[in-house]
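Taken together, the values in this text are just the output of simple stated rules run on the coordinates, not laboratory data. It should be emphasised that the depicted structure is a prediction, and the values quoted were computed from it without experimental measurement. In this analysis, Cβ positions are derived from the backbone assuming ideal geometry, glycine residues included, and neighbour counts consider all displayed protein chains.
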Amino acid sequence: MANNVFYDNQAYGIQLYPQANDVICVCNTVDGGVTRGGTVVGSESGLTDNVTIVGMIGTNAPWYCIDLYDPASGDAGNNTYDSLGFGNGSGDFRAGTGMTYTNCTHADPLYVNRAAKNFTLQSGSPAINKIQPARYGYVPSTDIDGKVRVTADAGAFAF
Amino acid sequence: MAGTSKVVTGLTNGTSYSFRVGAHNSSGYSAWSSAVNSTPTAPSGQFGALLPARLIESPGSVVNVSTLSALTSALSSASNGSIINITSSLNGGGVAYTITRNATSAAPIMITSSPGVLLTNFAMIEVRGSYLRFRGLDVGFGTIDGIKINVSANNIEVDHCLIHNAALNGINIQDSPANIQIWNNRV
């Protein structure tokens, strides 16, 4: 799942449960939402394991940027890297079993015009080159609009 | 001097740096040269190396359809590799439209649409087949989901689609389908 924009959805932008195993989710932008927003990972009727999230931008959700459906579940091997959260109602990265967060930070991604649903990045955005070299292999070579990615930017839009 | 070089380490990709040089010998120091700017970038060859391979482009001819019944017929009878192009907006009447066609890895079938075509008022477009590519569709006002990829579906790609105003989920991937690729969509 790569280079997608999710915005103003009724519930979660991205739902990875139940049993959404072995998902690679890279360079997506998720903004707003009515009841939840953001991304949820976890178990309901079955465990969700081995989810890799890289370069997510999750902003302005009523709930979390990354939510865990059941923070006390037995999910295992889920990892989120190099992601940004900002303006989320309950926090950015929900802690719980089975999920690690590496280089995930709270910062305004500086969209060009959020009100107009323009989620491209302004100069100086902390999303620019957010993804660390160890995860370059997950970075798509182009962005949602086909623009060649020169730097390892988080989100659907290359700077 | 010709042949003189200096390797600068510790730079950050994407950050612009300015460089200038000067010389020194027994007569003293030269003026600084004009500055040159350079921005290091990640080796592009490293990007994408850990991502799974996408489905190949559908190699066959285009089949135009303008009604739901024609779409159903095309899905069942079109050759593997065909590109099925929906040329008129379709109203699903609140009913789920299920696609069970199985194509092949060498010849995926692509379902696409002409500009301005809206697939509206389906309960969902439910995908249960294999080696199918959905590209550039405008799916709106699903009474449940926009596109649902379900159960036995495998090797499905949704690319450059606009999926909006669904009552529940934009894209719903459910019950252990395999190798599902969701790229470049606005949901």
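Values as computed for the structure displayed
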quantity: Part-to-part distance (alpha-carbon centres) for segment A:1-35 and segment A:117-152, which is given in Å; calculated: 17
quantity: Length-normalised contact order for segment B:16-121 - Cα pairs under 8 Å, 6+ apart - percent; calculated: 23
quantity: Relative contact order (%) - chain A, alpha-carbon pairs under 8 angstrom, separation at least six; calculated: 20
quantity: Hits among aspartates and glutamates - C-alpha to C-alpha of A:K117 under 17 Å, sequence gap 8 or more where chains match; calculated: A:D8, A:D31, A:D108, A:D143, A:D145
quantity: Among B:T12, A:F93, A:A2 - extreme Cα towards positive end, dipole of the protein assembly as shown, charges at beta-carbon; calculated: B:T12
quantity: Between segment B:123-169 and segment B:20-37, the Cα center-to-center distance that results, in Å; calculated: 62
quantity: Approximate spin-label separation B:S88-B:T67, in nm, with each point projected 7 Å along Cα-to-Cβ; calculated: 0.8
quantity: Estimated dipole of the protein assembly as shown in Debye, rounded to 20 [Cβ of Lys and Arg +1, of Asp and Glu -1, Cα centre]; calculated: 800
quantity: Computed over chain B: relative contact order in percent, which uses C-alpha pairs under 8 Å that are six or more apart; calculated: 13
quantity: Most fluctuating residue given options A:G55, A:G89, A:G13, as computed from a GNM of chain A linking Cα atoms under 10 Å; calculated: A:G89
quantity: C-alpha long axis of helix B:68-77 to longest principal axis of chain B, angle in °; calculated: 80
quantity: CD proxy at 222 nm, helix term only [per DSSP H run n ≥ 4: -39500 (n - 2.57); per residue of the protein assembly as shown; nearest 500]; calculated: -1000 deg cm²/dmol
quantity: Distance from segment B:85-102 to segment A:36-113 (C-alpha centre basis), Å; calculated: 34
